[in-house]
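Since the structure comes first, as structure tokens, the remarks are kept for the end.
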Amino acid sequence: MAEDDAGTGAARKRRHPGLSGIAHLLRIATEGPAGQGGERHATWLELFFDLVFALLLTSVAARLGDPAEPSLNRLASTFAIFLLAEWIWYTQAFYDNRFDPDDTPHRILVLTAAAGVGVLGLGAHDVPDGLLFPLGYLAVRAMLLLMYLRVLASRPGSRQVAGVYLTGFGFGWLCWLGSLAVDPAVRPVLWITGLVGEFAALWLGRRWLARSPVHAGHLPERIGQLLIILLGAMLTTVLGRVPLPDPPVRALLAAAAAFVVSVCFWWTYTSFLAAGLPIRRRLGSGQVYGLIHVPAGIAVLFLGWTSGQVVAQITQDAGRLPGILRAVLAGSLVIWMLTGVVLQWFLLGAVPRARAVATALGVVLVAGVAAGSVVPAVTLALTTAIMIGYSITVNAQLARSGTGNTGHPTSAQPETP
């Protein structure tokens, strides 16, 4: 009887050699990093994906163009496209955090997804009329779906998590596929429907996701690297506004002030990571921690564009800074400060009084400068001074709130469900 069963199984393999080969390719032979303890850092493949992603961010920021007063429609569409770009990066980062097997099939899938990100960048200027943008998204999402199919075929303990992503992201992929066949004006409706389906699947499956551990050192590091990429894009935009080869002194001073603001952002955020706050204990599935960082990314992206425009206005010796530039500049700084407060509240369950006072004062001062100062050089100088004072105050507060005994608190052991 056993021999008959064996013969039947062999016959099935002979009749379906293709299916057997596909199953073999899907299977993950090695244990992924999600179940590993100890310290873990970004892989070379993740860093290469980040490099391509930086090109996408540059294309998204370029949508705002050269006019110092872009239309509200242009600002809103750029905002929406950047949210989508961040969503793509986050979903890939969460997969890599939990499952990255670093085998040949995985590398091929991620590199193909990176090519899709490049296509997204090429099509970002022509949304929603062009086809490159939805084709790029379809390619990126198809690769992620194949990655989760591998998990489904190989990890019995993670099949619920894979099912959540396959259901929601499969629905979203079909919506984006359908958008290719409709009028360009209708495409955003299908895109939004698909994204709502993705978010809904993650929300409905949040209990299952919470049972799947994320590496408590790797995920905060990766999110921090995304912010570094955005700061790099900001500085690239600023430098692109400095006329060469003989820049006037005022242009150099303006670029230096914008650089100082980016340093304040970097210093405050890295102090937050180094403060010893209970990231590991509060991280959970990582979803809330990641979502809190989304506004921070938006703040950095729009601050980069605004800073470049302010540098250009100062270089041209403009007498008045457009109101929309002042509003976006102030809004970016306010969003950054408020995000820091929310992060600290999420980790500590309360906001220290010193941080609350510093943030409230910073918000009031930034808003006051935006409303009352119209001279470009004066506006930039005042906002830079405010951010320096805010950074010094917050860094001192974080030093008091944290344990103060480690520079790498996030490298702790991951939570287990």
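The values are calculated or read from the model by the stated rules, or taken from the named source; none is laboratory data. Owing to the predicted nature of the structure, the values given are computational and were not obtained by experimental measurement. Note: ideal-geometry Cβ built from the backbone for every residue, glycine included; neighbour counts use all protein chains shown.
R159 fulfils the conditions (1) over 23 Å from L56 (Cβ atoms); (2) among the basic types (K, R); (3) surrounded by 22 or more Cβ atoms within 10 Å (Cβ to Cβ) except for a single criterion, (3).
Cβ-Cβ below 8 Å, separation at least six or inter-chain, first residue in region 306-332 and over 24 Å from A296 (Cβ atoms), second polar (S, T, N, Q) and at pLDDT below 90: which pairs? So the pair list comes out as L321/S373. Look at (1) in a loop (DSSP other than H, G, I, E, B); (2) among the hydrophobic types (A, V, I, L, M, F, W, C); (3) at pLDDT 95 or above and you find that V351 fails only one, number (3).
Checked against the criterion of being without any contact (Cβ under 8 Å) to a residue 60 or more places away in the chain and small (G, A, S), region 145-156 has no qualifying residue.
Within region 372-384, residues that are surrounded by 22 or more Cβ atoms within 10 Å (Cβ to Cβ) have Cβ atoms under 7 Å from residues that are in a helix (DSSP H, G or I) and of a type in the set (K, R) in these pairs: T379/R326, counting only partners at least 6 apart in sequence or on another chain. Here A254 meets the list (1) surrounded by 19 or more Cβ atoms within 10 Å (Cβ to Cβ); (2) outside any helix (DSSP H, G or I) almost entirely, failing just condition (2). Any residue in region 238-252 that is on the phi < 0 side of the Ramachandran plot sitting within a Cβ distance under 9 Å of a residue that is part of a loop (DSSP other than H, G, I, E, B) and of a type outside the set (F, W, Y)? List the pairs, counting only those 6 or more apart or interchain. That search, which allows pairs on different chains as well, returns P248/D317; R250/D317; A251/R241; A251/V242; A251/P243; L252/V242.
For region 184-207, give me each residue that is of a type outside the set (G, A, S) and either closer than 20 Å to I292 by Cα or outside the structural domain of F53 (by TED's automatic domain parsing) (or both). Give the steps one after another, and end with the answer.
Start the filter on region 184-207 by keeping residues that are of a type outside the set (G, A, S), which leaves 184, 186-193, 195-196, 198-199, 202-204, 206-207.
Correct list: L195, V196, E198, F199, L202, W203, L204, R206, R207.
Figure legend. Inter-residue proximity from region 59-88: first residues without any contact (Cβ under 8 Å) to a residue 40 or more places away in the chain, second residues surrounded by 21 or more Cβ atoms within 10 Å (Cβ to Cβ) and assigned to a helix (DSSP H, G or I), beta-carbon distance below 6 Å, spacing 6+ or different chains. Indicated pairs: A85/L56; A85/V60.
Rundown of residues vs (1) more than 30 Å from Q92 (Cβ to Cβ); (2) surrounded by fewer than 20 Cβ atoms within 10 Å (Cβ to Cβ); (3) touching a helix residue (DSSP H, G or I) at 6+ places or on another chain (Cβ under 7 Å), yes/no style:
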site	(1), (2), (3)
L239	no, yes, yes
P245	yes, yes, no
W266	no, yes, yes
L303	no, no, yes
V311	yes, no, yes
R320	yes, yes, no
L329	yes, no, yes
L333	no, no, yes
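The condition of being in a helix (DSSP H, G or I), hydrophobic (A, V, I, L, M, F, W, C) and closer than 16 Å to V52 by Cβ holds for A113.
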